[in-house]
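What follows is calculated from the coordinates using simple rules that are stated; it is not laboratory data. If you're wondering where the values come from, they're calculated on a predicted model, not measured in any experiment. Here the Cβ positions follow ideal geometry from the backbone for every residue, glycine too, while neighbour counts run over all protein chains shown.
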Amino acid sequence: MRTRWKVLLGVLVWPLGIYWLLRSPSIGRTGKIAIASVSGLILVVIIIAASTGGGSSNKAASTSTTSKESTNNNGTSATTTAEAASATPQQKVKAALGDTVAAGGYAGDVKIVDVSFYQDFAAVTAKTPEGGVQGASCADLDQAAGAIFEKTYKDTGWKGNTTIAFEGGLVNKATGKELPHAQTGTFSIDPGQAKQIDWSNSDDLSNIDWSVYRDFCHPALNQ
């Protein structure tokens, strides 16, 4: 800003001096032409210098802003990575399960109701799958449980016990009212059983009979 004021002052005062020289009778015609030519050249140089200075200033400011943005982005990325690395297995399990788990088949997307922990036990509560045309079956629960177990143990570091309880989907025959919290099935895996499974091998997981880990299936469900 100070440089621009100096340039402006020079542009305003300098022509008065040139005008005085050109009006002086002691300077010949040739000298006056030379002075006018040099003055014009100096004026062009001043204008170019002022323009270049402003452009350089803007460029510097732009570079500074870009550098700050890059630093902020890198800082945010590093923070996110650090938080993910420092998350506990329990937190990773909750994040992996989320609100729904895609089980495929008639089990479809299974809604997760709650995930809680006590010592080395993880307790997952999920909604009973809707199933096919005739409603949910025990096989649908098996498929849904397998998908939940996979999400619980794969890449989370969880090595404890896991229980799954499915609820809802039943109706009281006497009143016709739905029983949203009535359990339709339960499953469980202990650390020893979990250790025997290669949770990173999708082919092995697809061949597991998840009914082995079923503790209960309600008689009202299709067997």
Near-label residues of region 104-122 by backbone N, under 13 Å of a point 7 Å along Cα→Cβ of residue 182: none
Just list whichever of 151/173; 92/177; 92/127; 154/177; 92/173 have alpha carbons separated by over 30 Å in the model shown. 151/173; 92/177; 154/177; 92/173
Can you tally the net charge around residue 188? Count Lys and Arg as +1, Asp and Glu as -1, for every other residue whose Cβ sits under 12 Å from the Cβ of residue 188. -1
Sort the following peptides by mean Cβ neighbour count (other Cβ atoms within 10 Å, averaged over residues), highest first: 146-153, 91-98. 146-153, 91-98
Within 14 Å, Cβ to Cβ, of residue 178, how many net charges do the neighbouring residues add up to if Lys/Arg are +1 and Asp/Glu are -1? +1
Could you give the length gained on full extension between residue 206 and residue 222, defined as 0.36 nm per residue of separation minus the Cα-Cα distance, in nm? 3.6 nm
